[in-house]
Amino acid sequence: MSAAPQHPDILSPEFAADPYPVYAAMRENAPLIWHEAMQSYILSRYEDVERVFKDKKSEFTTDNYNWQLEPVHGKTILQLSGREHAVRRALVAPAFRGSDLQENFLPVIERNSRELIDTFRSTGSADIVSDYATRFPVNVIADMLGLDKADHARFHGWYTAVIAFLGNLSGDPEVTAAGERTRLEFAEYMIPIIQERREKPGDDLLSRLCAAEVDGVRMSDEDIKAFCSLLLAAGGETTDKAIASILANLLAHAEQLAAVQADRSLIPAAFAETLRYTPPVHMIMRQSATEVEVSGGVIPAGATVTCLIGSANRDERRYAEADRFDIFRDDLTTTSAFSAAADHLAFALGRHFCVGALLAKAEVEVGINQLLDAMPDLRLADGFDPVEQGVFTRGPQSLPVRFTPAGV
């Protein structure tokens, strides 16, 4: 095991600028690193990260979320295990799959996408990040929950503070304080709304969460508030970055963009390959329940383990030409890419596989379709080269595009 790697540290500016060469060096030379400042073991190879997520031998827990998530969200479903986790997941999961998703949320998704595109549809230019991606998933979630979209700026501020807290690997006290403040502000906002929905239910997701019951168990006000907080942060930040990244990747590969424009059934493949190549979330943590042997050494029991999704998804042991964006690759299965059987790691795997994966897929399919319809000759603004930013979550900060408005 390597304790003092010679390559740039993952808290360094060099790493933040371009983590992929560092990931490659870690996979090759130091697949297990003890990081003193983070007080965490770091895994970078696909086989090791996959093993942690699938956790077939119950070697890992999500106890790390007690300090990583609870201060900003309250106690969430991600911290639960066994029957407690199974029951809570059964309460929330139906809303995010199958007929419920199609009937209740597809019209919401389509409407919110269209409303945002209408603001720039006839202008010939837009910034995909600020004009669309940062707004679309948050608006969808607010609409789904029956919250006032006029509060968008507050939602965005809250989830930005939460994501900053989660990615606060260097322990900046101001970031910590802002994240903790968000928990109080969100509770003050949400608890009265939850209580109101219990008394006067509507046909929104929040009312359904209030009424949901499995084996005689209902969610408490605190359970629902924590889930809504998690939904806003996880569903906002990740889909936001995924949409911007898909378009940035396609714009950098003109022949693949042309293929998607001509055949929209390729959008799920473009999404799956983007999740592999430039995932929105680059690291997820777990805690070891026992001593575990992995590539490069042994992790002791009770340790925090940082799984580098951004590295594992580029592992040349798993993918041919792993550093090449290719929506036609034959070692990534699109049909299973949004299920717990996925062969990329962007949604995690196993029992804590992302409950919102199919919601994200629906948002991306609708959003990319509508954007391509509105912008038939989509191209980057002159002289602009998209730059990814972020360490914990990562994506383009800006994506200015030009186009001839459809029908002109």
Given 383-392, 138-147, the highest-first ranking by average Cβ count within 10 Å works out to 138-147, 383-392
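What size of dipole, in debye to the nearest 20, comes out for the chain about its Cα centre when the only charges are +1 on Lys and Arg C-beta atoms and -1 on Asp and Glu C-beta atoms?
Its charge dipole is roughly 660 debye.
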Cβ-defined net charge surrounding residue 173, 15 Å radius [Lys, Arg +1; Asp, Glu -1]
-2
The correct ranking of 278, 333 by accessible area at 1.4 Å, largest first, is 333, 278
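Sorting 34, 158 by accessible area (1.4 Å probe), largest first, what list results? Mind dumping the intermediate values first?
Values: 34 60, 158 20 Å².
Final ranking, largest accessible area leading: 34, 158.
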Treating only the Cα positions of the stretch 230-288 as identical point scatterers, give the base-10 log of I(q)/I(0) from the Debye formula at each q in 0.14, 0.19, 0.27, 0.29 Å⁻¹.
-0.45, -0.71, -1.11, -1.19
Separation of the residue 263 and residue 70 label points, Cα + 7 Å toward Cβ, nm
5.0
Computed over the stretch 292-408, the distribution of all Cα-Cα distances in 5 Å bins, rounded to whole %, is 2, 8, 11, 16, 20, 17, 12, 6, 3, 2, 1, 1, 0
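Taking the square root of 5 times each eigenvalue of the Cα gyration tensor, what semi-axes in Å does the equivalent ellipsoid of the stretch 197-346 have, largest first? Mind dumping the intermediate values first?
Details: eigenvalues 223, 139, 32 Å².
For the stretch 197-346, the semi-axes come out at 33, 26, 13 Å.
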Per the helix-only model, the chain has a calculated mean residue ellipticity at 222 nm (DSSP H runs of ≥4, -39500 (n - 2.57) each, divided over all residues, rounded to the nearest 500) of -14500 deg cm²/dmol
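So, by mean Cβ neighbours within 10 angstrom, what's the order for 226-236, 371-381, 312-322 with the highest one leading? Provide the component values of the computation, followed by the final result.
On the way: 226-236: 24.5, 371-381: 17.0, 312-322: 18.8.
My ranking of the peptides, most packed first, is 226-236, 312-322, 371-381.
Keeping every protein chain in place, order 61, 306, 119 by accessible area at 1.4 Å, biggest value first, i.e. largest first.
Listed by decreasing accessible area, they come as 119, 61, 306.
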With the radius of gyration and the Kirkwood radius both derived from the Cα set of the stretch 179-229, what is their ratio Rg to Rh?
1.00
Residue 122 and residue 99 label points (each 7 Å along its Cα→Cβ direction) are spaced in nm at 4.1
Does the stretch 354-408 come out rounded, prolate or oblate by the C-alpha gyration tensor, with a ≥ b ≥ c the root eigenvalues, rounded set by a/c under 1.5 and, if not, prolate when a/b is larger than b/c and oblate if not?
oblate
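Projected area of the chain, taken from the Cα convex hull and averaged over every viewing direction, in nm²?
Details: hull surface 77.9 nm².
It is 19.5 nm².
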Run a plain Debye calculation on the stretch 193-263 (Cα atoms as equal point scatterers, no solvent) and give log10 I(q)/I(0) at q = 0.18, 0.20, 0.23 Å⁻¹, rounded to two decimals, same order as the q list.
-0.74, -0.82, -0.99
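R0 = 35 Å: FRET efficiency of residue 222 with residue 381, Cβ-based, nearest 0.05? Intermediate values should be presented prior to the final figure.
Details: r = 46 Å, r/R0 = 1.31.
Efficiency, rounded to the nearest 0.05: 0.15.
The values are calculated or read from the model by the stated rules, or taken from the named source; none is laboratory data. Predicted model only: the values in this text are computed from it and were never measured. A quick note on method: Cβ atoms are made from the backbone with ideal geometry, for glycine too, and the neighbour counts reach across all protein chains shown. Accessible surface is based on the protein model in full, side chains and every heavy atom, while ligands, DNA and RNA are left aside. Shrake-Rupley method; radii C 1.70, N 1.55, O 1.52, S 1.80 Å.
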